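Asker: To start, I am sharing the structure in question, which I have written as structure tokens.
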């Protein structure tokens with residue numbers, strides 16, 4: 001991989017810089033203005049590996065030294081938890097099996113084409129980057145994954161969508177309305193609590209693990225406690241925003257799902273939010289995942305990342 005390369009067609013505010021990857025370097029695209037800074041690594045399946053204020057720390061949890069997308073002797077790609085923010089395709093019992101060409105049994109690691117293989121940079125300028133995979137077949141559907149990053153005045157918007165390249169004779173209108181989906185997953189150092197903005201009637205929420213709003217909490221927000229645990233665990237609810245207080249007390253890391261999803265499988269609009277917590281013994285450090293899902297054979301959604309001083 002080529003390091004220290006400058007995209008010739010871009011302004012100097014969008015650079016390709018080098019991030020250490022063991023003995024090698026990996027190319028990184030930087031989007032930055034006066035409010036936020038984002039570092040995107042096309043070679044690691046288009047992950048957003050750093051997000052924060054210019055000159056400040058990274059709010060995301062990462063372990064780039066773990067990046068090893070080589071192959072086992074069997075030829076099956078390795079999967080390593082690199083961290084950062086990413087898009088995952090499918091649900092593991094449905095779409096992942098389809099892309100692996102199997103009907104039953106466990107499917108792990110995820111299919112390499114969206115989780116480990118490099119994404120192509122198809123467009124880039126000082127405020128926008130578009131990455132795309134090649135088309136891949138999973139059962140009766142053939143799709144590519146696109147991730148587009150847009151820098152706003154005080155935020156970064158990440159749009160993910162499935163591009164149906166060829167559905168064969170059946171056509172895209174006849175693709176099954178199963179629960180294949182897109183996950184937007186941002187990994188962060190495990191906090192003690194996460195704020196959630198519930199939407200609709202909050203159905204599917206595990207209210208035993210979501211506290212009722214307290215007088216000192218922002219209007220419209222509830223708290224999810226994230227206690228330590230010997231096993232990994234996940235809390236889910238219908239919500240359109242998740243937020244974690246920054247470690248230095250200067251504000252919040254805020255994720256908002258802004259693009260509505262189709263209402264399939266009984267899930268409410270505009271989004272389904274999840275919080276995953278790693279087990280206490282995870283190495284090199286415990287982490288949490290803030291997740292949003294979008295459903296349907298041509299699912300797409302947008303998530304807005306910002307660092308406000310107060311929650312909206």
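Asker: When 30, 303 are ordered from fewest to most other Cβ atoms inside 10 Å of their Cβ, what list results?
Answerer: 30, 303
Asker: Between residue 81 and residue 225, what length in nm is gained on full extension when 0.36 nm per residue of separation is reduced by their alpha carbon distance?
Answerer: Gain on stretching residue 81 to residue 225: 49.4 nm.
Asker: Label points 7 Å out from Cα along the Cβ direction at residue 53 and residue 258: separation in nm?
Answerer: In this crude label model, residue 53 to residue 258 measures out at 2.1 nm.
Asker: Need one number: nm distance between label points at residue 126 and residue 150, each 7 Å from Cα along Cα→Cβ, rounded to one decimal.
Answerer: Label at residue 126, label at residue 150, 1.8 nm between them.
Asker: For each of 235, 40, 29, count neighbouring Cβ atoms within 10 Å of the residue's Cβ, then give the residues from fewest to most.
Answerer: 235, 29, 40
Asker: On to the next question. Taking the simple approach of a point 7 Å from Cα along Cα-to-Cβ for both residue 250 and residue 102, what is their distance in nm?
Answerer: 4.7 nm
Read the figures in this text as sums done on the coordinates, not as results from a lab. What you are looking at is a predicted structure, and each value in this text was computed from that prediction instead of being measured. Virtual Cβ from ideal backbone geometry, glycine too; neighbours counted across all protein chains shown.
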